[in-house]
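A.B. asks: I have a structure I would like to understand better, so I am pasting it below and will then ask my questions one at a time.
Derivation of every value follows stated rules applied to the coordinates shown; laboratory data play no part. Please read these numbers as outputs of a predicted model, since none were measured by experiment. Backbone-built Cβ (ideal geometry, glycine too); neighbour counts: all protein chains shown.
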Amino acid sequence: MRRTRVNDALQSQAPMSSVLVKGWVRTRRDAKEFSFIELNDGSCLQNLQVIIDDDSDAAASVKQINTGSAVAVEGELVASPGKGQQWELRASSVAILGGADPETYPLQKKRHADEFLRTIAHLRPRTNKYGALFRIRSESAFAVHQFFRDRGFYYLHTPIITGSDCEGAGEMFRVATLPASGPPAAADEPLFDGDFFGKEANLTVSGQLEAELFASALGSVYTFGPTFRAENSNTPRHAAEFWMIEPEVAFADLDDNMDLAEDFVKYLVTHVREQCAADLDLFGRFVDKGLMDNLEVIASKPYARLPYTEAVEILQKAKKDFEFPVSYGVDLQTEHERFLTEEHFQCPVIVYNYPKEIKAFYMRLNEDDRTVAAMDLLVPRVGELIGGSQREERLDVLERRIVESGMDTADYWWYLDMRRFGTVPHAGFGLGFERFLMMATGVTNIRDVIPFPRTPRNLEF
Ligand code: 4AD
Ligand code: MG
């Protein structure tokens, strides 16, 4: 017999005389003539209530069905007289697929602290909260592809191992080109003498430069992949490994870029609200009581747009005791981003035209010669969700900016070729996927929205 998913059983329109479900036991409760088990198979938040009659054949093994064990249950799906569920399963047979010792199984039927669950990242998807979270993560990833596909973008795979530094910030993880194990390579073995590529290799911080090259051929592209930063990620918003979505659009300017960013965020939020309603509801009730109102604002209100200079003025006039004082030329900190979005505008905010000194070399220099056509999209609670810009398409200006940024034009010959041959204005941005998930669920620590977080001193497996 084929397995029915719990979600499908619970959505059933009619009773079913014979069903097979498989999953993990959340709890078992013994009453006078019955035992009840709550079964979850990951297909939805809700458990399926299974009733095992003391007189049935299934009763023999019931005492071994502990929290955490995996079982296969066959039986009849009938209307449930109890509260909280429409259907329940009356078991005719129960097979234990994999037991779990209740003395040592770390998950119990109670709310565990996130800090504790981080220490058992291999088991936390079996809890309600993390099951819901990772279903939302999966659905959001599909929504990303849907959004761009509907708009004629091509999905581009950019390399993870790279020879260049996209952000020019020197925050890259070096790739060791020595074999990690096995007998030591012979010294004369050319590939494994520590110089596999013949130059320094790093993990990519961004697929942007490669995306720019492809936008200059295919028109509109986007990347969606893991990126790595060897920066101080000892904050609730930074991870050393995170996933980024980077669209790049030829013949687009900064205004087009802001429009695309706003449409994209609204689309994702709307999609998650529609497709993940039950899972999202858990976060609205137990994680962040203001979540649904916040998502409503993000999905429907026009985002505020203002130049960096105006943002600085607002922050300077604010009657707030910021930890980091604001003046022209400083990078905005999370406290400033939160003030602008949560208190001043009470909606997402796009800040644009930043001083060139605090932004990357590839951003287009404005006529004032002081600012670049950069934009950051800030959202309540999370702060910076998106960073992007119109790109510097003029060869001479770009070469100057590379040198000013302390980099070597020779290393970027391939990037500069794009400006030599058929250069066009174009723009793009990067959205941090984990930051999006924090915003969508109200979870305040990035370690809790990625299956296996990579942060300083945190690499258990
Ligand atoms: O602002 P960033 O550094 O921009 C870029 O990487 C550009 N190359 C993007 C582009 O124009 N194509 O990063 C983009 C976004 C940030 O706004 C933030 O959401 C996220 O990536 N991000 C991080 N997320 C988690 N942990 C980190 N350490 C992050 N660093 C950036
Ligand atoms: Mg940024």
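A.B. asks: Rounded, prolate or oblate for segment 9-54? Axes are the square roots of the Cα gyration tensor eigenvalues, ordered a ≥ b ≥ c, and the cut-off for rounded is a/c under 1.5.
C.D. replies: Oblate is the answer for segment 9-54, as a/c is 1.5 or above yet b/c matches or exceeds a/b.
A.B. asks: Moving on to the next point. If you rank Thr27, Thr341 by fewest surrounding Cβ atoms within 10 Å, what's the result?
C.D. replies: So the residues, fewest neighbours to most, are Thr27, Thr341.
A.B. asks: Taking 0.36 nm per residue of separation and subtracting the Cα-Cα distance, what length does fully extending Asn445 through Gln275 add? Numbers along the way, then the final one.
C.D. replies: Values: separation 170, 0.36 × 170 = 61.20 nm, distance 2.35 nm.
Net length gain for the segment: 58.8 nm.
A.B. asks: Computed FRET efficiency, Cβ-Cβ of Ile120 and Asn234, R0 30 Å: what is it to the nearest 0.05? Present the calculation step by step, with values, prior to reporting the outcome.
C.D. replies: Numbers: r = 21 Å, r/R0 = 0.71.
It comes to 0.90.
A.B. asks: Would you kindly work out the equivalent ellipsoid of segment 124-448 from its C-alpha gyration tensor and give its semi-axes, the square roots of five times the eigenvalues, largest first in whole Å?
C.D. replies: 32, 27, 20
A.B. asks: Let me ask you something else. Counting each DSSP H run of 4 or more residues in the chain as -39500 (n - 2.57), what helix-only mean residue ellipticity at 222 nm follows after dividing by all residues, to the nearest 500 deg cm²/dmol?
C.D. replies: Counting only the DSSP helices, I get -8500 deg cm²/dmol.
A.B. asks: When averaged across all projection directions, what area in nm² does the alpha-carbon convex hull of segment 329-461 cover?
C.D. replies: Approximately 10.8 nm², given one-decimal rounding.
A.B. asks: Hey, another quick one. When only alpha-carbon atoms are used, what values of Rg and Dmax, in angstrom, describe segment 29-158?
C.D. replies: 19.1, 62
A.B. asks: For the chain, calculate the relative contact order in percent as a whole number, restricting contacts to Cα pairs under 8 Å that are 6 or more residues apart.
C.D. replies: Over the chain, the number comes to 13 percent.
A.B. asks: If I fit a long axis through the Cα atoms of helix 395-404 and take the longest principal axis of the Cα atoms of the chain, what angle between them do I get, 0 to 90°, rounded to 10?
C.D. replies: 80
A.B. asks: Let's see if you can work this out: charge +1 on each Lys and Arg Cβ, -1 on each Asp and Glu Cβ, no other charges. What is the dipole magnitude of the chain about its Cα centre, in debye to the nearest 20?
C.D. replies: Numbers: 51 positive and 70 negative charges, 337 e Å.
Charge dipole, the chain, about its Cα centre: 1620 debye, nearest 20.
A.B. asks: Loop only per DSSP, at most 13 neighbouring Cβ atoms within 10 Å: give me the chymotrypsin sites (Phe, Trp or Tyr not before Pro) in segment 379-449, ordered by residue number.
C.D. replies: Listed in order of number, the matching sites are Phe421.
A.B. asks: Pairing the Cα long axis of helix 291-300 with the longest principal axis of the chain, what angle in degrees results, from 0 to 90 and rounded to the nearest 10?
C.D. replies: The helix 291-300 is inclined about 50 degrees to the chain.
A.B. asks: When 1/r is averaged over all different Cα pairs and the result inverted, which Kirkwood radius in Å belongs to segment 6-98? All intermediate terms of the calculation are to be shown ahead of the outcome.
C.D. replies: On the way: mean 1/r = 0.0777 Å⁻¹.
Hydrodynamic radius (Kirkwood, Cα pairs) of segment 6-98 is 12.9 Å.
A.B. asks: Can you list the lysines whose alpha carbon is less than 29 Å from that of Lys320, not counting same-chain residues fewer than 8 positions off?
C.D. replies: Here the lysines satisfying the reach criterion relative to Lys320 are Lys289, Lys301, Lys356, Lys359.
A.B. asks: Okay, moving on. With axes computed from alpha carbons, what is the tilt in degrees of helix 128-150 against the longest principal axis of the chain, rounded to the nearest 10 within 0 to 90?
C.D. replies: In the chain, helix 128-150 runs at an angle near 50 degrees to the longest axis.
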